[in-house]
1. Among Lys122/Lys261; Lys187/Lys263; Lys131/Lys264, which pairs are too far apart, with a Cα-Cα distance over 22 Å?
2. Listed highest first by mean packing, meaning other Cβ atoms within 10 Å per residue, what order do 211-217, 138-144 come in?
3. For the ranges 80-88, 300-308, what's the packing order if you count other beta-carbon atoms within 10 Å of each residue, average per peptide, and put the highest first?
Amino acid sequence: MVTVRSVSAIVASRGWNISQMDEYNAFLGGDLYEEVYIELPQDFRRQRETKVMFKDFMTTSCSLRKKGEDFVAVLIYVDDLLITGNSTQFISETKVVPHQQFKVKDLGDLKYFLGIEVLRSKSGILLNQRKYCLQLIFDLGLGGAKTVSIPIDLNQKFTSTEFDRHTRIHADLSHHYHDRYYILQCKLSQFMQEPKKSHWGATVRVVKYIKQEPGMRIFLCRSNGDSLTRFCDADWASCPNTRRSVTVYLIKFGDSLISWKSKKQHIVSRSSAEAEYRSLVAVTAEIVWLLGLFAEFGVIIKQHVNVYCDTKASLQFAVNPIFHERTKHIEIDCYFVLTRLNKRTHASFCGDEGSTC
């Protein structure tokens, strides 16, 4: 989804066309009445010529075609294709290629993709999941329920007491990208394998919160400077069961929000400064990947990538990896960021008031 939002932000900023195609062989939604082998049985040999598979035709989930200064990008999710590029003529030529191998339907300009409604205007692109949210509310029978202004009680402690069977609703919520991902990833989704009654009550509350404004939107601006800005934070030792901290960050392309994450860290941080710095490491890794993705689309980020965080200790670690004896156990993370700085990936580290270290 980060790739989809990033490409959509580029499309909005450049005013490119983006269209959608669908491959008819949507076998994943059909009923199977015969045995299906994940691997061919031993000694089995196919005599006839193997049919061309869609995954062989498009080797990756994001394929690029270039001809001189023109290029086209094709994003693939199972049997759905998004096609965009800087040349309308080249896009039309590219659309012909899948028809030569498969039965494909051209759906025209992008309107709806992976539960996300796409609305296009001269000023940019709007993304919303109103239809998806309303269906979720209907499935839970909460059409007449009162809404809540706060999605979750942060003081609530989840316990493992009695089994409840609403795993699917947790999974459905995880696809709702407008809600606070911290709630879904760090509070509820970690219990998807064995949800309890307390988790079910919290899930219903989140749906009631979504019901308050199911059409909440993300706006991707057209008039943007080619810049990336990132904000990171950490909630130190917030998990009551493991005492692990939570990494939180978001990244904007110009004024368009394209990437965010809230995830429990893999190990226990012994200080808040360490937790904050691990968050800084995570967002640095994400930005390095995004710089490569944008470069593939001909978008070169020439401005400094400002990183905003709210702890002086993590800022000092970023500048001097041997700032204090306490930093030795996170030496690898320190040098990860320092290496990127030395390679001049246009990264500078800023405090809340924008002061550059």
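Every read-out reported here was derived from the displayed coordinates using simple, explicitly stated rules and does not represent laboratory data. Not measured: the values here are computed from a predicted model. Using ideal geometry, Cβ is built from the backbone for each residue, glycine included, and neighbour counts are taken over all protein chains shown.
1. Lys122/Lys261; Lys131/Lys264
2. Numbers: 211-217: 15.1, 138-144: 11.0.
For the peptides 211-217, 138-144, the packing ranking is 211-217, 138-144.
3. Averaged packing, sorted descending, gives the order 80-88, 300-308.
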